[in-house]
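To start, the structure itself, in structure tokens.
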Amino acid sequence: MAPNSDEARIHEAQREASYRARPCRRKLLYLSLALLILLSGCAGLPSDTASAIGRTPPAHPLIYTFLLSAQQRLRDIAGDFSVGKRGADTGIPVLPGEKIEIFASGSAGILPGGKQSGPAGTLTCNAAALPYPDFPCYSVIYSVGIAGQVGGVGAHVGFNPTTAGNLFLGVNASNVANNTGAFHITVLIVPAKTMAGLWNSPEEGFLVQGAGLQLSAYVFAQHASITDVEFTAAIAGQAPVPICRAVSSGNDLYTCHWDLTLHGTYLHNGPFTLGFTINGNTGDGSVLATGVNPDGTRSGTIRYILPQPNTYYAGYAAMALDQRQPVAFQKVTGQWTVPQAHCSAGETSLSATWVGMTSDATDKSLLAQLGSDSDCQAGDPQYYLWWETFPDPAVPLDLPLQPGDSVTAAVSFQHSTFSLSIDAPREGDHFSTTHAGNAFDTSVAECIVEAPTIVDNPASNTGHLAQLTDFGTESISCLLNQNKPIASGPQDILYQMQTDTGIAKATASSLDQAGSTFTVQWHHG
């Protein structure tokens, strides 16, 4: 199929339709009698409208995209050929033997009070007052020719025209003057012995956060059959790579699930371009040329984020999940507002917010971290700053701290040395320290809310998990190296804190659009 980028051919078809409609419009301008002469001058034209007569069938599928004004009624025998609103349909010429697919999306303010309605319309109106009572009010409808049979579009309709004519679309309403907005319309024309495809998901500018992505496209053939649909992905400057083979899920929709890997390795978080190809053959067995990106490509951002439930962490860690592609971070910086501890009578519980760097290879790796606590001690709230180079015990800081204070904490590594610093500007607090380390312990950078462990035996540094203090909801901004968002990865772990039986204790949200900020909400101690 010819790609959607073939603007010249599509625009030429539109100009051709507009030009061929002029003789009838010119005739209407010179006739002084209204409906009677209109009936004799235009309705009697062969095949409903003269504009499609003599049109050469296209060799490739055509795609038309435009906005249909919510104020556009379907043209009927008492109307005219003019386009009343900018962006409305232009009367697309269609021929018998072609396959026509119409997609409508979006919503418009077309109900009393400006309420929104989609292309399928609504049943909450007087059907008897509608121009076409067989279809819902405010629904998108179509006809081929100004006197052709009316059909409903809704979100999607497909049909084969029986006569040559112009395809018109409009809104089924008795009064459209006060409507606002427009519907997004895509019209696909599939000539005989051709195939075509349209994206269904994802949308252009997509943002994916997770460990998988569902891809789908509508694929059509006219007097031909589809043999294969395959999706591709490409990094900027590189050739597209096949990522998954689609299967038909009915209604001409082909889908596949992509595990967000390329060549068997995890994706590096960042921008990607997706495409798809289709293959097929005609009824006599002739192989059709492969349709490469028949509806163009889709560009967006993919963040490979692997969920990991556990009993003590909620937050994010950046790391390389593939050990064959090691990564070393130079710095991680976190910023948050100290949450208030909500304590019940006699309650002893702990909650810590911190940033740190470590290795994921072993639990005995050094973890350089520092942060703040919002705790309950025998029912009284307590707040303090601290630092730690695990497995050494945490060191509380004798600095004032209150709920609502803004805290900025950073851990960096350079020349075999960890540097830890923390600031609470409203209190005038600042602390920094250094500790010898190994570059091996810089492969994980994380921003975490934790239910800390209470040490029962200092000699063996063992203990039990503390009850998690109710801290409400906390927002954390997390940056890597030169102020890059933690979503830059290369991949990320999403920690969700829960009990051994799967009850949520604290949940971290998705990262924001920038990929740096998330919230953590307390659920259970």
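Below is a table of values for the structure above.
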{"quantity": "Residue 390 paired with residue 105, simple spin-label distance in nm, labels 7 Å along Cα-to-beta-carbon", "calculated": "4.4"}
{"quantity": "Shape call, region 352-472: gyration tensor on alpha carbons, a/c limit 1.5", "calculated": "oblate"}
{"quantity": "Probe 1.4 Å, protein heavy atoms only - accessible area per residue of the chain in square angstrom", "calculated": "45"}
{"quantity": "Rounded FRET efficiency, nearest 0.05, which uses the C-beta distance separating residue 301 from residue 225 and R0 of 30 Å", "calculated": "0.25"}
{"quantity": "Accessible surface of the chain [probe 1.4 Å, protein heavy atoms]: carbon and sulfur percent", "calculated": "53"}
{"quantity": "Residues with amide H under 5 Å from that of residue 72, placed H, sequence gap 5 or more", "calculated": "171"}
{"quantity": "Cα gyration tensor shape for region 152-259, rounded if a/c is under 1.5, else prolate or oblate", "calculated": "oblate"}
{"quantity": "Residue 398 versus residue 348: modelled label distance in nm, points set 7 Å from Cα along the beta carbon direction", "calculated": "2.4"}
{"quantity": "Residue-span extension gain [residue 462 to residue 284] - 0.36 nm each, minus C-alpha spacing", "calculated": "56.6 nm"}
{"quantity": "Nearest-0.05 FRET efficiency for residue 123 and residue 65, computed from C-beta distance (R0 25 Å)", "calculated": "0.30"}
{"quantity": "Distance between region 210-264 and region 419-452 - C-alpha centres, whole angstrom", "calculated": "44"}
{"quantity": "Amide H contacts of residue 194 (H built 1.01 Å from N, under 5 Å, at least 5 apart or other chain)", "calculated": "222"}
{"quantity": "Within-15-Å neighbourhood charge of residue 246 [Cβ basis; K, R +1; D, E -1]", "calculated": "-3"}
{"quantity": "Net +/- balance of residues flanking residue 466 in space, Cβ distance below 12 Å, scoring K and R +1, D and E -1", "calculated": "-4"}
{"quantity": "The chain - mean residue ellipticity at 222 nm from DSSP helices (-39,500 (n - 2.57) per run, n ≥ 4, rounded to 500)", "calculated": "-1500 deg cm²/dmol"}
{"quantity": "Virtual spin-label span in nm between residue 378 and residue 214, 7 Å along Cα→Cβ", "calculated": "5.5"}
{"quantity": "Solvent accessible area, Å² - residue 395, 1.4 Å probe, full protein context", "calculated": "60"}
{"quantity": "Computed FRET value (nearest 0.05) for residue 426 with residue 251, which takes r as the C-beta separation and R₀ as 60 Å", "calculated": "0.55"}
{"quantity": "Label corresponding to Cα extents along the principal axes in Å when calculated from the structure given, among (i) 162, 59, 43; (ii) 101, 54, 40; (iii) 92, 69, 47", "calculated": "(ii)"}
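The values are calculated or read from the model by the stated rules, or taken from the named source; none is laboratory data. Values in this document were obtained by computation on a predicted structure and should not be read as measured data. Because the Cβ atoms are built from the backbone with ideal geometry, glycine has one as well, and the counts that use them run over all protein chains shown. The accessibility values were calculated without ligands, DNA or RNA, using every heavy atom of the protein model including side chains. Shrake-Rupley method; radii C 1.70, N 1.55, O 1.52, S 1.80 Å.
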